Structures are given as C-alpha cells and as structure tokens.
Amino acid sequence: MKKIKNNFGFTLAEMMVVIAITGILSSMALINFRTNEKQRQLRDSALLVTDGFKRLQSMALSGDMVGGAMPISYNFYLNPADCSQYILRAKLDEANYIAIGQTVKLINSNIKDCSNIGEVEIYPPRANMEFLNFPSYDEISLVVEYNGDGSSARTVKINKVSGRVDLGAQMANP
C-alpha cells in the first residue's frame, strides 16, 4: 500500500516572514499614533485658551453675576510662574478679584512667554477688551507650544477692536 503525504500548513520560514512584516507595520502605526496624539493635545490646549476668552466675552455680554454681584470686568490671568495654566476671574471692585471656576491646566502644553502677556480685561456690557500689559496693541497672539519637545505650536489671536478670538494654524519649530 502506498502512503499519501499531505502538505498542509505553513513552513517555519513563512511564519517568520509574516511575523516580521506584522511587527514592522505595528511599529509604524505606533509612531504615527504618538505624533497624532501630540498634535491633538496641542490643539486641545489651544482650544482651552480660546474657550476661556470666549467664555469671559459671553459672561460680559450677558451680564452674568459672580458671587451675587455684577463685576466691573472679567479677567483672563496668565500665571507668570506657571505658563501651563490660566485663571478666569471677575473684578468686583478696584482691589478684589474672585475666581470663576477652577484654574485651567493645559494638557502637556504651555503658553510661550506668558510673563510678557499678563492679563486681559473684558468689560461689560459690550465685552470691550483691554490688554493690561500692552494697552496700545490692537491684537496679541498667544503661542501655545507642546511641552515635550517644542517642535510644534498653535497660535491664539485675540483682537480687542473686533473682539475676535481665533485659533491659528499649527506651526512647526516656533
């Protein structure tokens, strides 16, 4: 009687090639994911800054009460000691500020040269803006950069004449 040989399955060499190709493709996907994660975190941080300004503008236009009183102005305060956070405040009188919510911490990002920018006041009822450190400027740009490597940044442009707060394009090597 004749023995029939069945050749089913894969050889060891074929399996090694498939595993090597899968490993290479997985590593490329992981590198691409990490790059996109940085860009997403940077965009989210820039949107947090934009949202802070727009929230204060909305409060000034609607006449929101803070602490049971109508504020003289609303204030966007960048902490010069930590450029990765800002505070929204209401100015109740010439000497007293009250925080609106909690301190906002940016996600793995910081605002470049935040000690030079300082504070922005927004006055009700028309939401007029004033840059306290640069009263003669009509527009300022905040550069939000990624903490990890500083290789990319986004700008937030604030125009006090028109009241526009825009998220700018992503910049490479600010």
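The values are calculated or read from the model by the stated rules, or taken from the named source; none is laboratory data. What you are looking at is a predicted structure, and each value in this text was computed from that prediction instead of being measured. Cβ: placed from backbone, ideal geometry, glycine included. Neighbour counts: every protein chain shown.
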Over the stretch 101-118, the set of residues within 24 Å of Ser162 (Cα to Cα) and buried (at least 18 other Cβ atoms within 10 Å of the Cβ) is Ile111, Cys114, Ile117
Heads up, the strands (runs of 3 or more DSSP E) in the stretch 21-123 (entirely inside) with at least 1 residues that are free of Cβ contacts under 8 Å to residues at least 12 places away in the same chain, closer than 30 Å to Ser151 by Cα and among the charged types (D, E, K, R) are none
Taking the conditions exactly as written (at pLDDT 90 or above and either hydroxyl-bearing (Ser, Thr, Tyr) or at positive phi (or both)), does Tyr123 satisfy them or not?
yes
| said: Among the residues that make up the stretch 138-145, is at least one of them more than 15 Å from Phe76 (Cβ to Cβ), modelled with pLDDT of 90 or more and in a loop (DSSP other than H, G, I, E, B)? | reply: yes
- request: Restrict the check to the stretch 107-120 and report whether at least one residue is over 19 Å from the mean Cα position of the chain (by Cα) and within 17 Å of Phe53 (Cα to Cα).
  value: no
